[in-house]
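First up is the structure itself, then whatever we jot down about it.
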Amino acid sequence: MREIQETTENEEHYRDLCFKCMRPKSNCFCKYTKPVDCKIKFVFLMHPKEAKKQRTGTGRLAALCLPGSEIIMGIDFTKSKRLNEILSDPQYYPVFLYPGDDAWNAKKEGFKDVLNGKTLLAILIDSTWFCSKKMLKMSPNVTSLPKFSFNGSYKSIFTFKQEPYEYCVSTIETCYYLIKELQEAGIANPKADPEPLMDTFKAMIKFQLQKENDRINGLIPNSHGKDWKYTKLKEIPDYLG
C-alpha cells in the first residue's frame with residue numbers, strides 16, 4: 001500500500017499510533033488483515049477529514065488488504081500529480097466506482113472487450129457523502145472516467161454507522177463485493193480469497209460495539225459530548241464472530 005498525503009501532521013499526535021492502520025497501538029487491526037491479490041489496482045481518494053476518522057474509516061483497512069493499492073489524500077484531484085500519473089499509465093483501464101445508468105458492471109456485455117487485456121484500475125472516493133460532493137465537483141479528471149458499479153444489490157453490515165441510503169455500503173465492503181463480482185465474471189484473480197476484507201471489517205465493528213457497551217457500563221469514560229444521551233446496550237450480532 002502506498003499513501004500520498006498532501007497535509008502535514010503533528011508527530012506528537014502519532015506517537016502511539018500504528019503507522020499502517022493509523023489506529024492506537026493498543027487496538028491495532030493489522031493482525032486481521034491478509035493480502036487479497038485480486039490483480040486489480042485500487043486507488044482510494046481520501047478526503048483529509050476521512051483520514052482522521054480512525055474509529056470508523058474503512059478505506060485504510062481495505063488498502064492494507066489489497067497489494068499495490070494506493071491512498072491519495074486531497075480534495076481537488078486535478079492537481080494530484082500521482083493520480084494523473086496513474087490515470088495516464090497505458091497498462092491500466094481506469095474506472096470510477098459510482099452508480100449510474102451509464103455505469104459498467106462485471107456482467108455487462110462488452111466490458112471484457114473494453115478492458116482488452118489491461119489491468120482494471122478502480123478509483124474509489126473514501127469520504128462522507130457530504131465531503132464527496134465537493135471532491136467530485138473539483139475533480140473532473142475523476143468524474144469524466146467511465147463509471148463502474150455493482151451488478152447485484154447489497155446492504156451494509158455497518159451497524160453503528162447510518163448510511164445515507166439503504167444501497168450504500170462502506171469502502172471496504174465495496175472492494176469485497178466488487179472483487180466477488182469480477183471473479184464471477186472471470187476478470188479478477190479467481191484464486192484470491194476476498195474474505196480477509198470482510199473479516200477485518202467485522203473485527204472493527206465488533207470492537208466498536210464492545211467499546212460502546214463498555215462505556216455504557218461505566219468501564220471506560222465518555223469520549224464525546226453527547227455520549228450521555230446513549231445508554232442502550234448494543235447488540236453484538238453472532239455473524240461478527
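Taking only pairs six or more apart or across chains, which ones have beta-carbon atoms under 9 Å, a first residue in the range 15-26 that is closer than 14 Å to Ala51 by Cβ, and a second residue that is hydroxyl-bearing (Ser, Thr, Tyr) and surrounded by fewer than 12 Cβ atoms within 10 Å (Cβ to Cβ)?
Correct list of pairs: Met22/Tyr14.
Of a type in the set (Phe, Trp, Tyr), open to solvent by 30 Å² or more (accessible area, probe 1.4 Å) and part of a loop (DSSP other than H, G, I, E, B), is that true of Phe150?
It is true that Phe150 is of a type in the set (Phe, Trp, Tyr), open to solvent by 30 Å² or more (accessible area, probe 1.4 Å) and part of a loop (DSSP other than H, G, I, E, B).
Hey, can you tell me all the residues within the range 181-190 that are at negative phi and touching a residue at least 40 places away in the same chain (Cβ under 8 Å)?
Within the range 181-190, Glu181, Leu182, Gln183, Glu184, Ala185, Ile187, Ala188, Asn189 meet the criteria.
For Lys112, state whether it is at pLDDT below 95 and either of a type in the set (Gly, Ala, Ser) or within 23 Å of Asn189 (Cβ to Cβ) (or both).
Working: at pLDDT below 95: yes; either of a type in the set (Gly, Ala, Ser) or within 23 Å of Asn189 (Cβ to Cβ) (or both): yes.
So Lys112 passes the test.
Given the criterion assigned to a helix (DSSP H, G or I) and either open to solvent by 60 Å² or more (accessible area, probe 1.4 Å) or on the phi > 0 side of the Ramachandran plot (or both), identify the matching residue among Lys134, Lys108, Lys155. Please lay out each step first, then the result.
Working: Lys108 fails: assigned to a helix (DSSP H, G or I); Lys155 fails: assigned to a helix (DSSP H, G or I).
Just one listed residue meets the conditions, Lys134.
Which ones in the range 196-220 are free of Cβ contacts under 8 Å to residues at least 24 places away in the same chain and either within 15 Å of Thr33 (Cα to Cα) or among the basic types (Lys, Arg) (or both)?
The answer is Lys211, Arg215.
Here's the yes/no breakdown for (1) open to solvent by 20 Å² or more (accessible area, probe 1.4 Å); (2) at pLDDT below 90:
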| position | (1), (2) |
| --- | --- |
| Phe160 | yes, yes |
| Glu181 | no, no |
| Asn189 | yes, no |
| Asp199 | yes, no |
| Lys226 | yes, yes |
| Thr231 | yes, yes |
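Those residues that are assigned to a strand (DSSP E or B) and farther than 16 Å from Ile72 by Cβ, I need them from the range 111-131; list them, please.
Answer for the range 111-131, where residues must be assigned to a strand (DSSP E or B) and farther than 16 Å from Ile72 by Cβ: Thr119, Leu120.
The values are calculated or read from the model by the stated rules, or taken from the named source; none is laboratory data. Not measured: the values here are computed from a predicted model. Note that each Cβ is placed from the backbone with ideal geometry, even for glycine, and that neighbours are counted across all protein chains shown. Areas reflect the complete protein model, heavy atoms only, side chains present, ligands, DNA and RNA absent. Shrake-Rupley method; radii C 1.70, N 1.55, O 1.52, S 1.80 Å.
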